[in-house]
1. Report the net charge of residues surrounding E239, where surrounding means a beta-carbon distance below 12 angstrom and charges are Lys +1, Arg +1, Asp -1, Glu -1.
2. Measure off 7 Å from each Cα along the Cα-to-Cβ vector at Q138 and R183, then give the distance between these two points in nanometres to one decimal.
3. Using Cβ counts within 10 Å as a stand-in for footprinting exposure, how do V270, V245 rank, fewest first?
4. Sort S42, S210 by Cβ crowding within 10 Å, fewest neighbours at the top.
5. About its Cα centre, what dipole magnitude does the range 198-249 give when the only charges are +1 on Lys and Arg Cβ and -1 on Asp and Glu Cβ, stated in debye to the nearest 20?
6. Karplus couplings for the range 39-49 from phi (6.51 cos²θ - 1.76 cosθ + 1.60, θ = phi - 60°), rounded to Hz, Gly and Pro as x?
7. Which ³J(HN,Hα) values in Hz, rounded to whole numbers, follow from the phi angles of the range 232-240 under the Karplus curve 6.51 cos²θ - 1.76 cosθ + 1.60, where θ = phi - 60° and Gly and Pro get x?
8. If we count other beta carbons within 10 Å of each Cβ, what is the order of M273, M29, fewest first?
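Please treat every number below as a calculation from the coordinates, not as lab data. Here the structure is a predicted model, which means the values were calculated and not measured. Don't worry about glycine lacking a Cβ; one is built from the backbone with ideal geometry, like all the others, and counts go over all protein chains shown.
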Amino acid sequence: MKALLRWVLCLLFAAVALEVFFIGRIAAMAVIDPQSTAFQRSEAWQLATEGRRNGDRIERRAGPPQASERPLGGQRGHASAERGGLKEWRQEWVPYGRIADTLKRAVIASEDSEFIYHNGVEWEAVERARQRNARAEQIAARRAAQMRARGKEPRPIQLRGGSTITQQLAKNLLLSGERTLLRKGQELLLAVALELLLDKQRILEIYLNSVEWGEGIFGAEAAAQHYFRKPASRLGAQEAARLAVMLPSPKFFERRSGSAYLAGRTATIVARMPSADLP
């Protein structure tokens, strides 16, 4: 019995220590730009061991990598991972003021229209999303089987509406990609911590600089340069809305730039952008 009690106490201590570590990292982000996220490190490992899956988007570079390019990027420099002479990683941190308001409005309109008003979690939306996504998964499973039978690739399931921008940031920054109740509970706790320790502008700044926009493409600046050959500060409304629409499935839409869904959803987000409030 004593041995069991010791194990329980050790597990509790480890859980508390992990939470303290997470809280400390979040607090530091008030003044320090995060070098990388848990999701980025996972993706970097996949690129290093397996290479790119979106092979049609590979870009060849002439000459060796520059000294300023590091595997997971400094706060003010480009980041790339080299494998067989291919540039597979793009990220460049830019401050909040150098990200176009059009992109901020587009992302809020697409991902979290109540961003500046909630405390990190919209509890009613979480429950509605759980019920809606359960039904969507059942329907999608049947459609996917039908499409595979016809030799077509099924579209990814759009599981949206439950996670706020703050929750997405909490998950990408510190947690694994597994979908379990324990991981979801941790995400909710960290989202609340982010809201308590950082202001909305800082949360949005970190999110826009770290979110994935394609295979090995992270952050607004890298996405703007990759897709439109311009800095994030100069994105127009259509361009910003197009990037925002990609967020739920960036690798999928990277391969399907001519998607009818992408064009139609972009028009919808452009119409919603004027009503999106910025922090």
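1. Values: positive: R229, K230, R234, R242; negative: none.
Result for the neighbourhood of E239: +4.
2. With each label placed 7 Å out from Cα toward Cβ, I get 2.4 nm.
3. The most exposed by this proxy come first: V270, V245.
4. Numbers: S42 13, S210 23.
Ordered by Cβ neighbours within 10 Å, fewest first: S42, S210.
5. Charge dipole of the range 198-249: 200 debye, to the nearest 20.
6. 5, 5, 5, 5, 5, 4, 5, 4, 5, 5, 9
7. With the stated coefficients, the range 232-240 comes to 4, 6, 10, 5, x, 4, 5, 5, 5 Hz.
8. M29, M273
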